1. Collect the residues in the range 125-141 that are among the aromatic types (F, W, Y) and modelled with pLDDT of 90 or more, keeping them in residue-number order.
2. Can you tell me which of A153, A146 is at pLDDT 90 or above and more than 15 Å from the chain's Cα centre (by Cα)?
3. Which residues, taken from the range 135-153, are without any contact (Cβ under 8 Å) to a residue 12 or more places away in the chain and open to solvent by 40 Å² or more (accessible area, probe 1.4 Å)?
4. Can you name every residue in the range 104-120 that is touching a helix residue (DSSP H, G or I) at 6+ places or on another chain (Cβ under 8 Å) and either among the charged types (D, E, K, R) or surrounded by fewer than 18 Cβ atoms within 10 Å (Cβ to Cβ) (or both)?
5. Look through the range 119-168, keep the residues that are among the β-branched types (V, I, T) and outside any helix (DSSP H, G or I), and return whichever of them is farthest from V67 (Cα to Cα).
6. Just one of (1) in a helix (DSSP H, G or I); (2) under 20 Å from S157 (Cα atoms) trips up V99, so point out which.
7. Tally the residues that are surrounded by 10 or more Cβ atoms within 10 Å (Cβ to Cβ) and not acidic (D, E), restricting the search to the range 25-43.
Amino acid sequence: FSPAFREDIHPLSNQREQEGIYAIEKACEEAQTPLKRLEDKLHSWVAYFIMPAFALANAGVILKGDVISTFSSSITLGVIAGLVLGKPIGITLLSFIAVKLNLAELPEGESWKRILGAGMLGGIGFTMSIFISGLAFSDNAMIDLAKIGILSASLLSGLCGYIMLRKT
């Protein structure tokens, strides 16, 4: 790149440098296995569409009836409170206690706000929460209320955690 660079021409407008960049890009692609290239191309689709759609389909939640009564149910509100409030409080508090008792150290450059943000992401509970709700309740209507609470809390926890970590 050095011989092709001139002060009066932007590096990306220089044809020789662009050809060098394309050659490097092609060499990098050829160094990866075909499976790795396919995995990289599919990652966004799987992470942001296929997995959530699969999770929702397997949750078996059917929204019918009065939405207000569903979200004012003590089961739904309890699950939401447990995941949205309980998880971050528990994770942050136990981390704080571990640091104060010298059982752990706060990583260099980290803050308690970031630990709280990570704790908020801990409220994204899906598989284990649905498993436990199946053990806790025998009535299918109650299990559905718990599942709606789990899905709502996971969405809210993810959003709150994202906002908190983005701010810090």
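1. Scanning the range 125-141 gives a single hit, F137.
2. When all the criteria are applied, what remains is A146.
3. L135, A136, S138, D139, N140, A141
4. Within the range 104-120, A104, E105, L106, W112, K113, R114, A118 meet the criteria.
5. Checked the range 119-168; the qualifying residue farthest from V67 (Cα to Cα) is T168.
6. In the conditions (1) in a helix (DSSP H, G or I); (2) under 20 Å from S157 (Cα atoms), V99 misses (2) alone.
7. Looking only at that region, the number is 7.
This table checks each residue for (1) open to solvent by less than 40 Å² (accessible area, probe 1.4 Å); (2) in a helix (DSSP H, G or I); (3) at pLDDT 85 or above; (4) of a type in the set (K, R).
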| residue | (1), (2), (3), (4) |
| --- | --- |
| A57 | no, yes, no, no |
| K64 | no, no, no, yes |
| V79 | yes, yes, yes, no |
| L85 | no, yes, yes, no |
| L94 | no, yes, yes, no |
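The values are calculated or read from the model by the stated rules, or taken from the named source; none is laboratory data. What you see is a predicted model; the values in this text were computed from it and never measured. Cβ coordinates were reconstructed from backbone atoms using ideal geometry, including for glycine residues, and neighbour counts include every protein chain displayed. Ligands, DNA and RNA are excluded from the accessible area calculation, which covers all protein heavy atoms including side chains. Shrake-Rupley method; radii C 1.70, N 1.55, O 1.52, S 1.80 Å.
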